[in-house]
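First the structure, in the form of structure tokens, and then the observations on it.
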Amino acid sequence: MQAAALCVIGALLAVVVKRGSPETALLVTLAAAVAVLLFLSSALEELTAFLKELAENSGVSLALFGPLYKTVAIALVVKVGAGLCRDAGESALASVVETAGAVCALLVSLPLLRAVLELLMELMG
């Protein structure tokens, strides 16, 4: 609730400031986004601790959970980054951010893809 309120206030401030200085409006938006992320840090720590406990107790190799977490983090960063680019009127850059995010997500998921390939090779051989 507080995060949503902070975002709404940041958006309203950005709209008011945008008339006089679009650059400052973008900085206000960015500042609101950073403030919300800092506000969520304790919740993220709790979530991370639970996911670590889940990984340890699941019986699945811990090495397979790392790429999953990294992919989720990449998706979140890309979503925010592309949104900020679009707010700045740079939809082409937003598309590049999204493409780069897809490439990075595939790159960090290579260990998972290799594990699947090895499993398939074992089943076939």
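The values are calculated or read from the model by the stated rules, or taken from the named source; none is laboratory data. Keep in mind the model is a prediction, meaning the values are calculated, not measured. Ideal geometry is used to build each Cβ from the backbone, glycine not excepted, and the neighbour counts take in all protein chains shown.
Restricting attention to helices (runs of 4 or more DSSP H) lying wholly within the stretch 35-116, give those where 3 or more residues are at negative phi, touching a Leu at 6+ places or on another chain (Cβ under 8 Å) and not assigned by TED's automatic domain parsing to the domain that holds ALA25.
Details: elements: 41-58, 62-87, 91-108.
Per the criteria, 62-87.
Taking VAL97 as the residue in question, decide whether it is under 16 Å from the mean Cα position of the chain (by Cα) and in contact (Cβ under 8 Å) with a residue 40 or more places away in the chain.
On the way: under 16 Å from the mean Cα position of the chain (by Cα): yes; in contact (Cβ under 8 Å) with a residue 40 or more places away in the chain: no.
Here the answer is no, as VAL97 does not meet what is asked.
Identify the residue in the stretch 1-53 that is of a type in the set (Asp, Glu) and more than 18 Å from the chain's Cα centre (by Cα) and, among all such residues, is nearest to VAL77 (Cα to Cα). Give the derivation first.
To start, the set of residues in the stretch 1-53 that are of a type in the set (Asp, Glu) comprises 23, 45-46, 53.
Checking the rest, the ones that are also more than 18 Å from the chain's Cα centre (by Cα) come to 23, 53.
Working: GLU23: 21, GLU53: 24 Å.
Result: GLU23.
Kindly list the number of the only condition in (1) exposed (fewer than 13 other Cβ atoms within 10 Å of the Cβ); (2) in contact with a helix residue (DSSP H, G or I) (Cβ under 7 Å, 6 or more places away or on another chain) that fails for PHE65.
Condition not satisfied by PHE65: (1).
Would you tally the residues in the stretch 97-125 being surrounded by 14 or more Cβ atoms within 10 Å (Cβ to Cβ) and either out of contact with any helix residue (DSSP H, G or I) (no Cβ under 9 Å at 6 or more places or on another chain) or aliphatic (A, V, I, L, M) (or both)?
Here the count works out to 6.
Check the stretch 86-105 and report whether any residue there is at pLDDT 90 or above and among the acidic types (Asp, Glu). Walk me through it before giving the result.
Of the residues in the stretch 86-105, the ones at pLDDT 90 or above are 86, 90-105.
Then keep just the ones that are among the acidic types (Asp, Glu); that gives 90, 98.
Within the stretch 86-105, one or more residues are at pLDDT 90 or above and among the acidic types (Asp, Glu).
Is it true that THR29 is polar (S, T, N, Q), in contact (Cβ under 8 Å) with a residue 12 or more places away in the chain, surrounded by 12 or more Cβ atoms within 10 Å (Cβ to Cβ) and not assigned by TED's automatic domain parsing to the domain that holds ARG114? Explain how you work it out, then say what you get.
Numbers: polar (S, T, N, Q): yes; in contact (Cβ under 8 Å) with a residue 12 or more places away in the chain: yes; surrounded by 12 or more Cβ atoms within 10 Å (Cβ to Cβ): yes; not assigned by TED's automatic domain parsing to the domain that holds ARG114: yes.
So THR29 passes the test.
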